[in-house]
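Notes follow the structure.
The values are calculated or read from the model by the stated rules, or taken from the named source; none is laboratory data. Keep in mind it's a predicted model, so treat the numbers as computed, not measured. Cβ: placed from backbone, ideal geometry, glycine included. Neighbour counts: every protein chain shown. All accessible areas refer to the heavy atoms of the entire protein, side chains included, with ligands and DNA or RNA removed. Shrake-Rupley method; radii C 1.70, N 1.55, O 1.52, S 1.80 Å.
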Amino acid sequence: MIPSSPSALLPDALNSLQDAQVLALAIVNTIPDPFLILDEKFHVLAASRAFYEVFQVDAAATQGRSLFALGDGQWNIPALRHLLETIIPDRVAMDGFEVAHDFPGLGSRTMLLNARKVVYEESPAITILLAFRDVTASRLIAADLAVLLAQTEQLLEQKQMLLEEMRHRVANSLQIIASILLLKARAVVSEETRNHLKDAHLRVMSVATVQHHLHLQDGVAEIDVAAYLAKLCAGLSSSMIGEDSPVSIEVHADPGVTESATAVSLGLIITELVINAIKYAFPDHKPDARIRVQYERDDDDWKLTVSDNGVGLAGAARIAGETGLGTTIVKALSKQLGATVEIGGQAVGLQTMVTKASFTSRYISQPLP
């Protein structure tokens, strides 16, 4: 609510007009931003020291003159005229009215104007208070940020296009390599060479499988581990398990996300262990043949267990599998992740545990029944 008169705000010692004027002028000169006091005809009654300093004008050429005539008409700005002649008469106040203008001696400036109309109860006179705030620098910064944002978005779009192209080429290259290996395996006479080529084919296909399932994830930086492992194992089951020797693959994984690089290594470890189990754990037909993939996590620690209910370490072929190239690859990948590998076997079944840090399992580590 506006007081009935300005003197109502002043103590008795300042009730005289002269004292009130001195106080008002002191307040005006204390304001750090340019400030004007205008009459109803937009003539300058008083100006702050900041106004004279910023716009490089003197008091003699300012006071008593029309605002629009100051500085050879530098304030004769259509937007400012609209504010004072059209808006202010209908309103008591106006905040944040933006004016962009090329001022002589200053260059292009963007000003935010705040205006207040003071109506006196005992006088028909009207006073207009006009404050200026130079926001040129902040507007330039905002414009630069907008340009940088647009450039960043363009670079991200280009990066995504390159990433899609790279994924497509990697997938095609892996498929070509896998096909060549399979053709060579069929063409060679040596059984040993054929088996090596088939092993190489399976490992290329495992890399392709990991790459494919990572591509299906929505995010690139972080991967939903549970969903990723479920899709990966489903793909391994459909592509590497034949109808003549069915083996079911179970997946039990705690929820959470991990970095894509870690997900790649986990996927390759699982693929190697699953391939090894499919090849060596069930030399004879077993109706309830099962492989279980179990992933547990506790903050940054985690434990991966791949177990089966096959022949365990009893068969020479299985022993060869656990001490061959597959185990070497698993140990190398685990070392990169800062994890340890432990292989345990009994009369029935085998399990391989890959553990990061000091993780304590909530489950009893034992082979599948």
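Every condition in (1) open to solvent by less than 60 Å² (accessible area, probe 1.4 Å); (2) of a type outside the set (A, V, I, L, M, F, W, C); (3) closer than 15 Å to L350 by Cα; (4) not in a helix (DSSP H, G or I) is met by P283 except one, and the failing one is (1). When residues in the stretch 111-154 are screened for being open to solvent by 50 Å² or more (accessible area, probe 1.4 Å), charged (D, E, K, R) and outside any helix (DSSP H, G or I), 5 of them pass. For the stretch 306-344, a tally of residues being modelled with pLDDT under 85, among the aliphatic types (A, V, I, L, M) and part of a strand (DSSP E or B) returns 0. Scanning the stretch 47-62 for residues that are among the charged types (D, E, K, R) and in contact (Cβ under 8 Å) with a residue 60 or more places away in the chain yields a total of 0.
Checked against (1) open to solvent by 50 Å² or more (accessible area, probe 1.4 Å); (2) in contact with a strand residue (DSSP E or B) (Cβ under 9 Å, 6 or more places away or on another chain); (3) within 21 Å of V22 (Cβ to Cβ), T62 meets all criteria but (1). Residues in the stretch 155-180 that are at pLDDT below 80, within 25 Å of L202 (Cα to Cα), open to solvent by less than 100 Å² (accessible area, probe 1.4 Å) and among the aliphatic types (A, V, I, L, M): V170, A171, L174, A178. The selection criterion, being of a type outside the set (V, I, T), modelled with pLDDT of 90 or more and open to solvent by 80 Å² or more (accessible area, probe 1.4 Å), does not hold for K303. Can you tell me which residue is farthest from T86 (Cα to Cα) among those in the stretch 1-57 that are modelled with pLDDT of 85 or more and small (G, A, S)? Per the stated criteria, the residue is A50. Of all the numbered requirements in (1) open to solvent by 30 Å² or more (accessible area, probe 1.4 Å); (2) over 24 Å from R292 (Cβ atoms); (3) modelled with pLDDT of 80 or more; (4) out of contact with any strand residue (DSSP E or B) (no Cβ under 8 Å at 6 or more places or on another chain), V264 misses one, and that requirement is (2). For the stretch 181-196, taking the residues that are aliphatic (A, V, I, L, M) and without any contact (Cβ under 8 Å) to a residue 12 or more places away in the chain, the one that is most open to solvent (accessible area, probe 1.4 Å) is identified as V189.
Pick from the stretch 93-146 the residues that are of a type in the set (V, I, T) and without any contact (Cβ under 8 Å) to a residue 60 or more places away in the chain: which of them is nearest to A69 (Cα to Cα)? Even if it seems obvious, please write down each step before you answer.
Applying the first criterion (of a type in the set (V, I, T)) to the stretch 93-146 yields 99, 110, 118-119, 126-128, 135-136, 141.
If we keep only those that are without any contact (Cβ under 8 Å) to a residue 60 or more places away in the chain too, we end up with 99, 110, 135-136, 141.
On the way: V99: 17, T110: 20, V135: 24, T136: 24, I141: 32 Å.
Here the answer is V99.
Would you call L84 more than 14 Å from P34 (Cα to Cα) and open to solvent by less than 30 Å² (accessible area, probe 1.4 Å)?
Details: more than 14 Å from P34 (Cα to Cα): yes; open to solvent by less than 30 Å² (accessible area, probe 1.4 Å): yes.
Judged against the criteria, L84 is a match.
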